[in-house]
Each structure stands twice: as structure tokens, then as C-alpha cells.
Amino acid sequence: GWNVSVQRIAVREGVAVLDDRSISPRATVTLAGLTLDASALQWPLAQPLQFSGAAAVASRPPQASLSFTGSATASAASATVTLSRLALGTAGPYLARYLQPTLAGSLSANFGLDWQAAQAPGGAGTLQLLVSSLTLDGLSL
């Protein structure tokens, strides 16, 4: 098999477009000014991969921001995430069939994500969201 080792990867001023066409209206979110740093990349993974990054979330004003840091192996990952001033309207396409009025305001949050792969073939993995703070500002319908 292949063995690959990369000491460091760095992305600067990247752009990622998340375009979900499985719903109507479709949801599109653009991450601009994306930075991503990763170190200790190996395949097969012999030690945890370390990563961090940040981006501006181009939605509606005010401009939102996202930052994260964490580590991952082939069977587990954890990350801490900070989200600031995300327009609640970003979730509009997902809520449209459940919520008639338009949702307005912004969301800021600090949270952790912990993922564990299934322990046995065909089993279920786990994903935990651990919210340490969540603020809704200017919430209105």
C-alpha cells in the first residue's frame, strides 16, 4: 500500500461554496478568505492530524465569521468552533416548509464537535455537539 507524509499544508484566501440543491429553495453559503492549516498529515494515519482555520461567511449583513481548531484520526475527530454573527436567514431554505414567516437576526456560538467512528462494521458512529455558549441577537419573525 501507499505511505504518504506531508509536514504541513496551508491554504490562504481560499473560497468554498456550499450549494445544497436537495432542498427548495436551494441553500448556498460561501466561505471567503478561507485559511486552513494542517500538520502531521500521514497515510495511513499513525498520529492525529492537527488542523485549524477561519473564514468569513458571506451571507447577509452583518458579515459572519467562523474559526475552528481540532485534531482527527481515521476513527475519531474533535474540534472547537467559534461562529460569530451568522444571519439566521441562512437557515431559511431549511426552515421554509416548517416556518412561514422569515427568520431574522443573528447567531453567535462557541461549541465543540466530537466524532467517533462505528466500533464494529455496520454499527453506528457517534457525533456530539457540545455548546458552551449560544447568543441570538435581534431575533424576529
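The values are calculated or read from the model by the stated rules, or taken from the named source; none is laboratory data. Predicted, not measured: the structure shown is a model, and the values here were computed from it. With ideal geometry, Cβ positions are generated from the backbone for all residues, glycine too; neighbour counts draw on all protein chains shown. All accessible areas refer to the heavy atoms of the entire protein, side chains included, with ligands and DNA or RNA removed. Shrake-Rupley method; radii C 1.70, N 1.55, O 1.52, S 1.80 Å.
Looking across region 73-114, the residues that are of a type in the set (F, W, Y) and without any contact (Cβ under 8 Å) to a residue 40 or more places away in the chain come down to Y98, F111.
From the list L36, L31, pick out the single residue that is modelled with pLDDT of 95 or more and either within 16 Å of L66 (Cβ to Cβ) or under 15 Å from the mean Cα position of the chain (by Cα) (or both). Full working, then the answer.
On the way: L31 fails: modelled with pLDDT of 95 or more.
After applying the criteria, what remains is L36.
Applying a threshold of 8 Å to beta carbon distances and a minimum spacing of six or more residues, or different chains, the list of pairs starting in region 54-72 at a residue that is among the aromatic types (F, W, Y) and ending at one that is surrounded by 15 or more Cβ atoms within 10 Å (Cβ to Cβ) and modelled with pLDDT of 95 or more reads F68/F51; F68/S52; F68/G53; F68/A54; F68/A79; F68/T80; F68/V81; F68/T82. Where strands (runs of 3 or more DSSP E) fall entirely within region 24-141, those with at least 2 residues that are open to solvent by 70 Å² or more (accessible area, probe 1.4 Å) and of a type outside the set (S, T, Y) are at 104-116, 126-140. Name the pairs: first residue in region 1-29 and free of Cβ contacts under 8 Å to residues at least 60 places away in the same chain, second residue assigned to a strand (DSSP E or B) and open to solvent by 70 Å² or more (accessible area, probe 1.4 Å), Cβ to Cβ under 6 Å, at least 6 apart or on different chains? So the pair list comes out as V4/W43; D19/T28.
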